[in-house]
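What follows is calculated from the coordinates using simple rules that are stated; it is not laboratory data. Note that the structure is a prediction, hence the values are computed from the model and not measured. As a convention, Cβ positions derive from the backbone with ideal geometry for all residues, glycine included, and neighbour counts pool all protein chains shown.
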Protein chains: 2
Amino acid sequence: MQPINVGIIGFGTVGSGTVEILLQNQDIIGNRVGSDIVIKRIADIDLDSDRGVPVDPGVLTTDALEVINDPEIDIVVELIGGLEKAKDYILMAMEKGKHVVTANKALLAEHGEEIYQAAQEYGVSLAFEASVCGGIPVIRSLREGLSANRIQTIIGILNGTSNYILTQMTQKGLPYSQAVKEAIDLGYAEDPPTLDVDGTDAAHKLSILISIALGIPVSFNSIYREGIDRLTPEDIRFASEFGYCLKLLAIARDLGDRVEARVHPAMIPQNHIMANVNEAYNAIYIEGDFVGPNLYYGLGAGKRPTGSAVVSDIIYLARQMRQGIKTFMPPLAHVRKREFDLSIQPIEALNTSYYFRFSAVDKPGVLSRISGILGDNQISISSVIQKGREINGSVPIVMLTHEARESSVKRALSLMDQLDVLTDKTMVIRVEEG
Amino acid sequence: MQPINVGIIGFGTVGSGTVEILLQNQDIIGNRVGSDIVIKRIADIDLDSDRGVPVDPGVLTTDALEVINDPEIDIVVELIGGLEKAKDYILMAMEKGKHVVTANKALLAEHGEEIYQAAQEYGVSLAFEASVCGGIPVIRSLREGLSANRIQTIIGILNGTSNYILTQMTQKGLPYSQAVKEAIDLGYAEDPPTLDVDGTDAAHKLSILISIALGIPVSFNSIYREGIDRLTPEDIRFASEFGYCLKLLAIARDLGDRVEARVHPAMIPQNHIMANVNEAYNAIYIEGDFVGPNLYYGLGAGKRPTGSAVVSDIIYLARQMRQGIKTFMPPLAHVRKREFDLSIQPIEALNTSYYFRFSAVDKPGVLSRISGILGDNQISISSVIQKGREINGSVPIVMLTHEARESSVKRALSLMDQLDVLTDKTMVIRVEEG
């Protein structure tokens, strides 16, 4: 069989991981495809850095168009990241009839619809397993493995950097700022790690997962998000006393006529299968109406795991080519569109339980005033911890609520803000019973 | 688009789950395939039982050949289980040019090669996601998601019944016999649950996973297996004191020129991601050379999860048909065969650490005689628990070893058997550090 030629745009971390796998595992990849995969061209603005992989210098170019316009290249792999340029390259490659592999979650979350439509228009395939949780084949599982199911719930630990930071805060009792510093020093976080810790990266990934689960692109901007920077080791300790641990979760639920989609720190029970997902690991918990609960776990970033996903996509497209077909299924794995539009429920309509930490002056009657306001707003308390120890001159009162409505919680908290017995803003963390 | 016609042979538990999904989720399945999936015929020897799903009686037949010979049926689903008849039906259906879906792990483990070859000979597809761990799409992940990797390690909790029994023994301190009785009463185990608890079922599944990982069928009979029936709640408690828990594991490792493949009870560290896999859940831990560790978790049996896997295979084959192709890839997902044969390493050559529980008389010098024999056989001890409490008139001496060779352990134990200070056979459990 004729070899299949691949062109790569972007020879950074993921690009060099991809090249390393294609070279080091070329025998087994060839066995699995039935044809050899050849790296025909690699474009990058930096031709000088040593990536530690043996590449014929003649393959390298600074001009991405030399990849896109090469008539012998069958599959173009976009690994430069960013929005505009990456989108242009992908669309140009598709126009030339090339299949495209990308790891670009931000691009798909923000301009996915345009790219999915272009793939269908030009009759080519788009593969993007690497865009969500690196080495975990969750996109494939949603597109194929769980295809018999209505996907009801997705709960993900989708960002390895913030999971690493929270793990350090939990295991060593570090404050947020110090855990971030250590993560940066050890290479687990960029400096500053803004998009990782503020929930943006997880929301990008969640929007892609929802789109595949439900079959239509979902607007990334309407996903509620909240970061981990305000969390304290005290809250992690109190959570643990209640039997919970703290994770940055990305949560989606199909509510029938609308969808819940949110990214925020949340408490989950310590015996939940996700509770042991620590360090830089990612996990995605998916419930389907027939399959029940499923969990997928692995490394969500790094050149080797992400390279593994990119190469699995190259293999998939190469297998298609060997069968003489252009696309096995559309990008979102739905041939017919869902009949109605997908609107994301505003966060105010959420019903969940909550953790509150009040900073109160140490006087009689405080608890009764707090619980009075909660009661007036239909928020009922399930358990309370009140401890004598002072933090910054006040006493923490910590409680868990039964299920309540987010809008009621907001109203209650704005009333609390006016209480003179509370010395600081109240810490609120949502609880996910799973 | 024309509908795609499915015929089902076997209308038992999994059969009725499959029908229920095809009926209840026909809208989303149709959206995902782009064609409707129609149940054209169902064969079963029992036409009278109520399966709780609304099926037109005209669809039912007692004659499997009416399914196989129906020229309008595109996909035949074999769900009768067992070996000879199931094999005949599958081969006949393939000969008629039909694609086949099966959930029959025993058949694939024992006669897989013949069936895989027939599929290739007749140019049809064989799909068998439901044969390993029901609702967990692990076969698809090995065939596609991890296809860029050399699969180095597979560690599975592949049998839900024995995991349920071990969970009850662990959480309630029940002896084996009582935990089995409860599992039977609650419908988690057949009566008697022989193939589930003796490791046969897990070995069937492991042989299928190895075949896909490495690309050639592996002989199920050469997989070492050992059941859970000799385990006691005391061993589970001692394991816990050492920081381990007890699971029935199916383990495979690619050793380059041969493969390790074994099913037996094993101790794993309590902080291992598999340690929280309890009740009837299954999990498969897979390490690839680039992707690193991956875990897949879910329900491995039951009509709904297994039906989910069967229907995902029907969808996969229907998508193929819509693309006008017969088979996207061969059953074991390798087009070229591995160049050498795959021999399974005999258990005697295993190197691992061990847990020993000696039943000793309570006299001075016992420990020194035991450790003397171990030392003579190059087995070094990493920790010991010796407790005063008597069990059946003797005192337990419990120890963990460093890595040792199985053949040395066997030799040492046969020497111990002759010691008059030991009152019972020594309990040996392998330790999997993960």
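Key figures
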read-out: Rel. contact order, % - alpha carbon contacts under 8 angstrom, at least six apart, the range B:55-111; value: 36
read-out: For B:Ala283, net neighbour charge (Lys/Arg +1, Asp/Glu -1) across residues whose Cβ lies under 15 Å away; value: -1
read-out: Rounded to 10°, Cα long-axis angle of helix A:84-95 versus longest principal axis of chain A; value: 40
read-out: Charge dipole magnitude, Cβ of K and R +1, D and E -1 - the range B:119-194, Cα centre, debye nearest 20; value: 320
read-out: Amide H contacts of B:Thr352 (H built 1.01 Å from N, under 5 Å, at least 5 apart or other chain); value: B:Ala404, B:Glu406
read-out: Charge tally in the Cβ shell below 13 Å around B:Asp201, where Lys, Arg are +1 and Asp, Glu are -1, B:Asp201 excluded; value: -1
read-out: Listed residues B:Thr194, B:Asn5, B:Pro305: farthest to the positive end of the dipole of the protein assembly as shown (Cβ charges); value: B:Thr194
read-out: Packing-based exposure ordering (other Cβ within 10 Å, fewest first) of B:Val310, A:Val55; value: A:Val55, B:Val310
read-out: Order of A:Lys105, A:Lys303, B:Lys337 under a 10 Å beta carbon neighbour criterion, fewest first; value: B:Lys337, A:Lys303, A:Lys105
read-out: Ellipsoid semi-axes in whole angstrom, largest first, where each is sqrt(5λ) of the Cα gyration tensor of the range A:138-299; value: 27, 17, 14
read-out: Quotient of Cα Rg and 2.2 N^0.38 Å for the protein assembly as shown, N being how many residues it contains; value: 0.99
read-out: Packing-based exposure ordering (other Cβ within 10 Å, fewest first) of A:Ile184, A:Ile8, A:Ile397; value: A:Ile184, A:Ile397, A:Ile8
read-out: Normalised contact order of chain B, rounded percent, pairs of Cα under 8 Å and 6 or more residues apart; value: 17
read-out: In the range A:1-94, GluC sites (Glu not before Pro) in a DSSP loop with at most 13 other beta-carbon atoms within 10 Å; value: A:Glu72
read-out: Chymotrypsin sites (Phe, Trp or Tyr not before Pro) restricted to DSSP loop in the range A:188-274 with at most 15 other C-beta within 10 Å; value: none
read-out: Cα extents of chain B along the three principal axes, largest first (Å); value: 82, 49, 34
read-out: Sites A:Gln178 and B:Gln152, calculated FRET efficiency, Cβ-Cβ separation with R0 45 Å, nearest 0.05; value: 0.80
read-out: Sequence-separation-based contact order of the range B:296-434, relative, with Cα cut under 8 Å and 6+ spacing, percent; value: 29
read-out: Gain on full stretching of the segment that runs from A:Glu190 to A:Asp420 - 0.36 nm per residue minus C-alpha separation; value: 78.7 nm
read-out: Low-density loop positions, GluC sites (Glu not before Pro), the range B:173-239 - DSSP coil, at most 15 other Cβ in 10 Å; value: B:Glu190
read-out: FRET efficiency, B:Ser382 to B:Lys85 (Cβ-Cβ, R0 60 Å, nearest 0.05); value: 0.70
read-out: Nearest-ten-degree value, helix A:200-214 long axis tilted from longest Cα axis of chain A; value: 70
read-out: Long-range HN-HN contacts of B:Gln152 with modeled amide H, under 5 Å; value: B:Glu287, B:Gly288, B:Asp289
read-out: Computed magnitude of the charge dipole of the range B:240-343 (debye, nearest 20; Cβ of K, R +1, Cβ of D, E -1); value: 620
read-out: Only Lys, Arg (+1) and Asp, Glu (-1) charged, at Cβ; the range A:138-299 dipole about Cα centre in debye; value: 340
read-out: Under-5 Å amide H pairs with A:Val132, H placed in peptide plane, nonlocal only; value: none
read-out: Subset of B:Lys363/B:Lys410; A:Lys105/A:Lys303; A:Lys205/A:Lys247; A:Lys172/A:Lys247; A:Lys85/A:Lys337; B:Lys98/B:Lys205 violating a 18 Å alpha-carbon distance limit; value: B:Lys363/B:Lys410; A:Lys85/A:Lys337; B:Lys98/B:Lys205
read-out: Pairwise centroid distance, computed over Cα atoms, of the range A:329-363 with the range A:214-231, Å; value: 8
read-out: Dipole of chain B [Lys/Arg +1, Asp/Glu -1 at C-beta], most positive-end residue of B:Ala93, B:Ser211, B:Val59; value: B:Ser211
